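Worksheet: the structure to be examined is printed underneath.
The values are calculated or read from the model by the stated rules, or taken from the named source; none is laboratory data. What you see is a predicted model; the values in this text were computed from it and never measured. For neighbour counting, all protein chains shown are included, and Cβ atoms are generated from backbone atoms with ideal geometry for every residue, glycine included. Accessible surface areas use protein heavy atoms only, side chains included; no ligands, DNA or RNA. Shrake-Rupley method; radii C 1.70, N 1.55, O 1.52, S 1.80 Å.
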Amino acid sequence: MNHWDHRIAARVLLTGLCGIQGLATLAIDLHRSHATNPRWPGHARFHVAWQSMNVALLSALEIGLIWWCGPHATQRFYLAVILASVSCFGFLLALLGRRLYGGTLSDPNGISPARIAIAGRTLSIDLNLVAIVAALLTLAAILRIYS
C-alpha cells in the first residue's frame, strides 16, 4: 500500500467509528432503558437525550471533517480524531467522578453488566466501559495507520 492508500483506509475506519458512535448512542440512549424509561426522572431523561443529540451531531461533524474536499485534509483528520475522543474521555471523567454525584454504571431497568467467571470468581464488566476502551484503542490504531 502506498502513502495515500494508508490514509484512505484510516479515513474509512475513522468514518466507521464516528458513525457507530453517533448511531449507537442514539439507539441505546433513546431507548426504553434510558430516555423513555418512565422510572427515570424527567430531568435525567432530558439530559440523556441532550447528550445523545450532542454525540450524534458531533459524529456528523467529524465525518464531514474527514471527507470535506479542500486544503488542510491532514489537520481536519486529526481534528476529527480529537473530537471522536472527546465523548470517550468525557465518559472516563464521569466514571472517575461518579462517587461525587452518586452515579452508577448501570440501572436495574437498563442493560446489565456482563458477568464472566474466571478462576472461580465472577467479574461484572460494564459494556459501556468495554466500548469506550475499544473506541480509544481503535482511534490509536487509526492514528498509526494514518501516519
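Report every pair of residues separated by at least 6 positions or lying on different chains whose Cβ atoms are under 6 Å apart, first residue within region 34-59 and open to solvent by less than 40 Å² (accessible area, probe 1.4 Å), second not in a helix (DSSP H, G or I).
Note: pairs meeting the criteria are Asn37/Asn109; Val48/His34; Val48/Ala35; Ala49/Ala35; Ser52/Leu30.
Return a yes/no flag: does region 101-123 have any residue that is more than 21 Å from Leu136 (Cβ to Cβ), assigned to a helix (DSSP H, G or I) and basic (Lys, Arg).
For region 101-123, residues more than 21 Å from Leu136 (Cβ to Cβ), assigned to a helix (DSSP H, G or I) and basic (Lys, Arg): absent.
Cβ-Cβ below 6 Å, separation at least six or inter-chain, first residue in region 120-147 and free of Cβ contacts under 8 Å to residues at least 24 places away in the same chain, second surrounded by 12 or more Cβ atoms within 10 Å (Cβ to Cβ): which pairs?
Ser124/Pro113; Ile125/Pro113; Asp126/Leu105; Asp126/Pro113
Go through region 60-90 residue by residue and tally those that are more than 29 Å from Arg32 (Cβ to Cβ), surrounded by 14 or more Cβ atoms within 10 Å (Cβ to Cβ) and among the β-branched types (Val, Ile, Thr).
Result for region 60-90: 2.
Among the numbered conditions (1) open to solvent by 40 Å² or more (accessible area, probe 1.4 Å); (2) within 16 Å of Ile132 (Cα to Cα); (3) modelled with pLDDT under 95, tell me where Ile20 comes up short.
Of the numbered conditions (1) open to solvent by 40 Å² or more (accessible area, probe 1.4 Å); (2) within 16 Å of Ile132 (Cα to Cα); (3) modelled with pLDDT under 95, the odd one out for Ile20 is (3).
Only residues that are open to solvent by 80 Å² or more (accessible area, probe 1.4 Å) and of a type in the set (A, V, I, L, M, F, W, C): list them for region 91-132, please.
If the condition is that a residue be open to solvent by 80 Å² or more (accessible area, probe 1.4 Å) and of a type in the set (A, V, I, L, M, F, W, C), then Leu93, Leu96, Leu100, Ile111, Ala117, Ile118, Ala119, Leu127 are the ones that fit.
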